[in-house]
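A short worksheet on the structure shown next.
Just so it is clear, none of the values below were taken in a lab; they were calculated from the coordinates. Bear in mind that the values here come from a model prediction, so they are computed numbers and not experimental data. Note: ideal-geometry Cβ built from the backbone for every residue, glycine included; neighbour counts use all protein chains shown.
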Amino acid sequence: MRRVLPIILVGVAVLVLMDVVGALTGRPLGFPYPRLGVVSLLVYFGVGAIGAWRGSFSDGLAAAIVVGLLDGTLGPVAAWIVGPGPVDQAVAEPGIFAYQIAVVTGTAAAVGLIGALAGSWLERRRVIRGVPRLGSKS
């Protein structure tokens, strides 16, 4: 899992930064904040794929889930701190925030699963062709 940690950190940093930028530019510039969801899906897929490629299938899936969990918690909090937040309102009820975290984490798990499958498939094809694995001494 140590080989996947930098991927997790970069994924979380990109998504939290995207939430902050979206919150700052959403209202004054009229930026369509919901369209950033596509970028989130691409990040979950990429984290799952690269994590599986560098580690194992379970590493890639776990990395995508962790990124989704952290994005679901840290992203909205950071957006609310710097601006109106992703839904232009303060969270008054903890159940709403918990539901949002569950949905984001579940989405990251589903998309990360597809990415981890793709990364595992690519890794198997590389091993079959005889190309050495990253970091191996062969």
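Net charge near VAL12: determine it from the other residues with C-beta under 12 Å of the C-beta of VAL12, scoring Lys and Arg +1 and Asp and Glu -1. Its environment carries a net charge of -2. Extension gain, ALA13 to ARG35: 0.36 nm times the residue separation minus the Cα-Cα distance gives 6.1 nm. A straight chain from ILE81 to LEU5 at 0.36 nm per residue would run longer than the Cα-Cα distance by 24.7 nm.
A crude spin-label estimate for the pair THR25 and ILE96, with each label 7 Å from Cα along the Cβ direction, gives 2.6 nm. Residues of the stretch 63-78 falling in the label zone of ALA110, defined by backbone nitrogen less than 19 Å from a point 7 Å along Cα to beta-carbon, are 63-73.
Summing Lys, Arg as +1 and Asp, Glu as -1, what charge do residues with Cβ under 12 Å from the Cβ of SER40 carry, SER40 excluded?
Net of charged neighbours comes to -1.
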